[in-house]
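The values are calculated or read from the model by the stated rules, or taken from the named source; none is laboratory data. Bear in mind that the values here come from a model prediction, so they are computed numbers and not experimental data. Because the Cβ atoms are built from the backbone with ideal geometry, glycine has one as well, and the counts that use them run over all protein chains shown.
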């Protein structure tokens with residue numbers, strides 16, 4: 001299956017943080033900070049998704065209206081109508097929709113229920129994973145010296161992760177949780 005034909009379900013984040021439309025913007029900011037996330041899907045009392053609020057929205061709203069908006073309910077500050085996608089839609093459909101709507105996050109809804117969210121980061125991870133699998137499968141037929149050359153080429157194009165917290169570099173094999181030794 002090609003990347004463009006992959007279903008949204010295969011790349012989406014399933015643990016979606018939400019906030020009720022009656023909660024305040026201050027509540028929203030606290031949840032986003034505590035969860036270290038950049039957005040919350042706003043839901044009605046029956047948990048139906050009705051809007052979204054992002055860090056970008058916060059900056060814009062605060063610049064326009066100041067701190068006085070912190071007590072407003074999410075229903076008044078959220079982005080609506082909500083642009084959504086089905087979990088069986090393709091990644092291509094999602095990327096196209098995100099581009100046309102100029103958004104970075106797409107709530108994934110099935111039968112009126114929020115089942116996930118697809119972000120630009122999720123799509124980027126999927127692209128990197130597929131490219132690295134292709135490089136690994138192609139490089140298996142080459143001698144070790146050629147594999148190192150391929151790794152160098154991949155690094156040149158940004159397909160290697162930067163050094164991790166411990167300062168160790170990550171090679172192509174590390175994307176699959178393996179390493180050559």
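A compact table of results
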{"item": "Matching entry among 34, 27 (being under 22 Å from the mean Cα position of the chain (by Cα), in a helix (DSSP H, G or I) and either at pLDDT 95 or above or more than 22 Å from residue 102 (Cβ to Cβ) (or both))", "result": "34"}
{"item": "Conditions (1) buried (at least 17 other Cβ atoms within 10 Å of the Cβ); (2) outside any helix (DSSP H, G or I); number of the one not met by residue 45", "result": "(1)"}
{"item": "Residue 127 assigned to a loop (DSSP other than H, G, I, E, B) and either surrounded by 13 or more Cβ atoms within 10 Å (Cβ to Cβ) or at pLDDT 95 or above (or both)", "result": "no"}
{"item": "Residue within region 8-19 that is surrounded by 14 or more Cβ atoms within 10 Å (Cβ to Cβ), without any contact (Cβ under 8 Å) to a residue 60 or more places away in the chain and in contact with a strand residue (DSSP E or B) (Cβ under 9 Å, 6 or more places away or on another chain) present", "result": "yes"}
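Conditions tested, residue by residue: (1) surrounded by fewer than 16 Cβ atoms within 10 Å (Cβ to Cβ); (2) out of contact with any strand residue (DSSP E or B) (no Cβ under 7 Å at 6 or more places or on another chain); (3) part of a strand (DSSP E or B); (4) not assigned by TED's automatic domain parsing to the domain that holds residue 24.
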residue: 82; (1), (2), (3), (4): no, no, no, no
residue: 88; (1), (2), (3), (4): yes, no, no, no
residue: 92; (1), (2), (3), (4): yes, yes, no, no
residue: 95; (1), (2), (3), (4): no, yes, no, no
residue: 99; (1), (2), (3), (4): yes, yes, no, no
residue: 106; (1), (2), (3), (4): no, no, yes, no
residue: 109; (1), (2), (3), (4): no, no, yes, no
